[in-house]
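Q: Starting off with a structure, shown below.
Just so it is clear, none of the values below were taken in a lab; they were calculated from the coordinates. Since this is a predicted model, take the numbers as computed values, not measurements. Cβ coordinates were reconstructed from backbone atoms using ideal geometry, including for glycine residues, and neighbour counts include every protein chain displayed.
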């Protein structure tokens with residue numbers, strides 16, 4: 001009896017110490033032992049185990065700071081997507097407006113969008129009584145979505161019209177009459193020969209080692225001297241005044257060129273400077289425009305005499321080759337030069353005129369021989 005009491009007194013402190021180290025294990029072990037003796041305790045034990053397995057211990061939950069940072073990160077991500085979407089939408093709208101302004105005139109845009117704007121501004125048809133609330137809401141939403149782009153197009157047309165009216169003062173020639181009136185003795189007698197400057201009478205080139213250089217076209221001196229006897233010569237260039245006047249003074253020291261017109265006398269349209277021959281205060285029936293880019297730089301193609309552009313070719317004879325045709329026109333004086341130029345069908349006038357002259361001489365020579373044989 002005394003020995004058993006001594007053993008118990010030794011075991012009790014060790015058991016208490018073990019229980020204090022792992023209370024859950026001790027709890028489960030006691031419950032397990034009790035459940036073996038009591039069947040009803042098995043249910044409570046399984047429920048407690050499932051309860052602990054479903055809910056993790058408190059030390060596994062994220063701290064409040066981490067949850068707040070995650071929420072802020074999601075909000076920033078959403079704002080980033082929204083800002084990128086707005087940037088892309090603005091870029092697309094700007095590109096569409098720029099392309100439309102470049103590719104189409106104001107009248108073309110107005111005509112192409114007229115039917116869409118009219119249909120968008122019409123009031124929507126009244127909803128039927130049998131329509132559901134969702135159908136009515138969809139119809140109202142569709143009408144509002146159509147009116148927004150239609151109104152944007154109208155605002156674009158109004159703004160572009162104002163801008164073009166403002167710019168028009170800088171795009172039209174300086175005057176309706178760019179040249180003074182002809183002398184009464186020259187009216188209906190003298191033709192006006194309009195000459196382009198660059199790539200027609202001369203060529204301007206730039207190189208790094210020497211900078212800008214201007215080269216006279218071969219035959220330009222003889223061209224001006226000979227045709228100055230028959231024509232009123234006018235230089236019409238799209239360059240600035242500070243370039244045109246000094247260059248023409250060096251190009252024509254004898255004064256065969258009567259008038260010089262620079263960029264201020266051109267019409268600016270679609271990104272180009274055009275020569276408007278209708279503003280010269282001359283009869284259009286008696287105007288010839290000679291240029292290396294005649295049909296691309298004039299608003300009156302019916303008055304154009306095309307010539308090969310000068311690109312510093314050493315064997316260029318285009319100006320000299322054109323003298324016979326221009327002299328023939330001045331001497332014969334057709335009532336309207338435009339049908340004469342149209343007969344050449346935009347071909348090389350100098351070459352075509354030479355071929356026609358040779359053919360005419362052959363035909364006349366054949367007629368003379370026929371007359372001699374008949375005699």
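Q: Along each of the three principal axes of the Cα atoms of the stretch 191-369, give the extent in whole Å, ordering the values from largest to smallest.
A: Here the spans come out as 63, 36, 31 Å, largest first.
Q: Beta carbons within 10 angstrom, averaged per residue: use that to sort the peptides 319-327, 153-161, highest first.
A: Ranked by mean Cβ neighbours within 10 Å, highest first: 319-327, 153-161.
Q: Of 248, 304, how do they rank once you tally other Cβ atoms within 10 Å and put the fewest first?
A: Fewest-to-most Cβ neighbours within 10 Å comes out as 248, 304.
Q: Looking at the stretch 191-369, what % of its DSSP beta bridges pair antiparallel, to the nearest 5?
A: 35
Q: Under the Kirkwood approximation for Rh and a Cα-based Rg, what ratio Rg/Rh is obtained for the stretch 261-306?
A: Taking Rg over the Kirkwood Rh, I get 0.93.
Q: How would you rank 223, 295, 230, going from fewest to most other Cβ atoms within 10 Å of each one's own Cβ?
A: 295, 230, 223
Q: Once you put a point 7 Å from the Cα of residue 172 and another 7 Å from the Cα of residue 342, both along the Cβ direction, what distance in nm separates them?
A: Spacing of the two 7 Å Cα→Cβ label points: 2.9 nm.
Q: Could you sort the peptides 334-341, 277-284 by per-residue average Cβ neighbour count (10 Å cutoff), highest mean leading?
A: 277-284, 334-341
Q: For a protection proxy built on the mean count of beta-carbon atoms within 10 angstrom, sort 306-313, 182-189 highest first, please.
A: Ranking, from highest mean packing down: 306-313, 182-189.
Q: In addition: Can you give me the C-alpha center-to-center distance between the stretch 160-239 and the stretch 286-352, rounded to a whole angstrom?
A: Taking the Cα centre of each part, the stretch 160-239 and the stretch 286-352 sit 15 Å apart.
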